[in-house]
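None of the figures in this text is laboratory data; all of them are computed from the coordinates on show. Fair warning: this is a prediction, and the values are worked out from it, not measured in the lab. All Cβ positions, glycine included, derive from the backbone under ideal geometry; neighbour counts span all protein chains shown.
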Amino acid sequence: MLARTLTRNGKTHPMKPHTLFAATCTLALLAACSQAGKSTEETSEQMEENQQEMAKADDAGEWMKERDEAAKELNDLRDKLVEKQAREQQRLADGIKDADKKAECETRIAEIGSNIARIDASLIHMQTSSATDWQGAKERARETADTTKSWMQQEFE
């Protein structure tokens, strides 16, 4: 049985097969498009979520990379100080006759020890830092490194 359609003058005429086919296809396409739109929206949401997770991973990797670089710089600085402290202690152990030079050497050993302790504290703070408090730890590490380098330049060069 073919569908019937009304015309302007109120008479009904049988619907032609190609018109019925076109109408059926249009309805099918509309239904498919609404499903595709929903699927596209879900895919877009999933892609956005994945991008956010990747950005978090990049941020996590970035701050950890910065932390490792800062720790290496502080450890290198610490190694230099330990070496200088050992040399000064050896000089003191070898015997310094002049009392003023001996006091100066002892003061330098103590100052080196203070700088080593400050670096150690900064390293511990960095190692226990997280992504949320990394900026503060990074600033503290930078300040420690800069202060120690400045002191070393004045003291040993």
>> Quick one: 3J(HN,Hα) in Hz for the stretch 110-127, Karplus 6.51/-1.76/1.60 with θ = phi - 60°, rounded, Gly and Pro as x.
In response: 5, 5, 4, x, 5, 5, 5, 5, 5, 5, 4, 5, 5, 4, 5, 4, 5, 5
>> Neighbour counts of other C-beta atoms within 10 Å: give me Ser114, Ser130 arranged from fewest to most.
In response: Ser130, Ser114
> What is the Cα centroid distance between the stretch 112-133 and the stretch 142-157, reported in whole angstrom?
Replying inline: 16 Å
> Within the set Lys72/Lys101; Lys72/Lys102; Lys97/Lys149; Lys102/Lys149, which residue pairs have Cα atoms separated by over 27 Å?
Replying inline: Lys72/Lys101; Lys72/Lys102; Lys97/Lys149
> How much length is gained on full extension from Ala131 to Val82, taking 0.36 nm per residue of separation minus their Cα-Cα distance?
Replying inline: 14.6 nm
> Any idea how far apart Ser150 and Asp100 come out in nm if each label point goes 7 Å out from Cα toward Cβ?
Replying inline: 2.8 nm
> What is the dipole size for the stretch 64-156, taken about its Cα centre, with +1 at each Lys and Arg Cβ and -1 at each Asp and Glu Cβ, in debye to the nearest 20?
Replying inline: 100 debye
> Sorted from fewest to most neighbouring beta carbons within 10 Å, what does the list Thr148, Thr132 look like?
Replying inline: Thr132, Thr148
> With Cβ to Cβ distances under 13 Å as the rule, what net charge do the other residues near Ile124 carry (K, R +1; D, E -1)?
Replying inline: +3
>> How large is the direction-averaged shadow of the alpha-carbon convex hull of the stretch 64-156, in nm²?
In response: 5.9 nm²
>> Full-extension gain between Leu92 and Asp120, please, as 0.36 nm times their residue separation minus the C-alpha to C-alpha distance.
In response: 7.6 nm
